[in-house]
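Worksheet: the structure to be examined is printed underneath.
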Amino acid sequence: MKLKSTLASLFALTSLFTLSAAAAERGGFGMTVLVEGSTRPEYSSGSTLYIEAVKGREYEIRITNPLSCRVAVALSVDGLNTINAKHTDARSASKWVLGPYETITLSGWQINGSEARKFYFTGERQSYGALLGQTDNLGIIEAVFFKEKVQPPPPPPVWYEQRKESGRGQCDSVPPTLQRAPAPEAQSKLEPSEPSASGATVKAQPSLSDDYAATGIGRKLDHDVEWVSLDLERRPSAVVRLRYEFRTQLVKLGVLPAPRPCPDPLDRREHARGFSGGYCPDPFAGRN
């Protein structure tokens, strides 16, 4: 069965403020990463939430709307919009639309109106960002939630009473005519335009290493989408951000404890002794 999601597109720009992930979670806005249907544990270090990436494993992103109205969610992986792979500000980004109290699970990069390609953890060199030459923001997943504006009620009808005189001392009343004030002109919704290539500065790409985690673009799956236009609030309601790294790097960052060192077999043999007293234990005690 094909999944169907809804997308939104806006053209307006605005400054962005960020809530802590913990505050966003308390408000009910949620973003979690799942591998084989299980939520990846999250580790807090300072103001950052981390998850452990497992190389070669596919993953999904689950986002939750706790409100009684629709929200649009700008979702990026490695700094790339999951709908069109563009790197923009969150306000002007194309967005996923969630209905009231809805939770959706997204499995990959949307490559057309009916298909996506799976997210999977890989090294930097094999990442989708490396294929596109966009490697400045590897290792980050971010969801920015915008509420749909509450539409004001329509203006009340305006009644105009018209009268005319038919003679001296007489007045014939004309039935009132119902006239409505003109509705305000609808706001146009446009897809963000492509940035001009003229005069663009080409940035040198940093050296990449597969010791560090990033996201690849994997196998195809069916995922139908449709476009809608929404009038959104200018400020986001919440921002949820996750960093992901392989275990080795999480240990280096102090997010996870270092593993206990394995005993050196040679050191163990150096401390061997010939006698300890007593009798030989019988491993077959109680058996025939």
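Bear in mind these aren't lab numbers, they're just calculated from the coordinates by the rules spelled out. These numbers come from a predicted model, not from an experiment. Here the Cβ positions follow ideal geometry from the backbone for every residue, glycine too, while neighbour counts run over all protein chains shown.
Below are the figures for this structure:
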item: Over segment 39-92, equivalent-ellipsoid semi-axes from the Cα gyration tensor in Å; result: 22, 17, 13
item: Under 5 Å, built H, 5+ apart or other chain: amide partners of L232; result: K149
item: Segment 210-247 versus segment 30-63: alpha-carbon centroid distance in Å; result: 12
item: Cα convex hull volume per residue for segment 207-285 (Å³); result: 413
item: Footprinting exposure proxy for Y212, Y244 (fewest neighbouring C-beta atoms within 10 Å first); result: Y212, Y244
item: Burial ranking of peptide ranges 258-271, 68-81, 126-139 (average Cβ count within 10 Å, highest at the top); result: 68-81, 126-139, 258-271
item: Spin-label model distance (nm) - R247 vs I111, 7 Å beyond Cα toward Cβ; result: 3.2
item: From phi via Karplus (6.51, -1.76, 1.60), per-residue ³J(HN,Hα) for segment 260-265 in Hz, x at Gly/Pro; result: 5, x, 6, x, 6, x
item: Added length on full extension, which subtracts the Cα-Cα distance from 0.36 nm per residue, R219 to S45; result: 59.3 nm
item: Within segment 251-270, backbone nitrogen closer than 19 Å to the virtual label 7 Å beyond the Cα of S276 toward Cβ; result: 263-270
item: Cross-link table K95/K118; K95/K252; K149/K220, entries beyond 30 Å C-alpha to C-alpha; result: K95/K252; K149/K220
item: Phi to ³J(HN,Hα) by Karplus 6.51 cos²θ - 1.76 cosθ + 1.60 over segment 72-80, Hz, x for Gly, Pro; result: 10, 10, 7, 10, 10, 10, 6, x, 10
item: Efficiency of FRET between D267 and T103 - r from beta-carbon atoms, R0 41 angstrom, step 0.05; result: 0.20
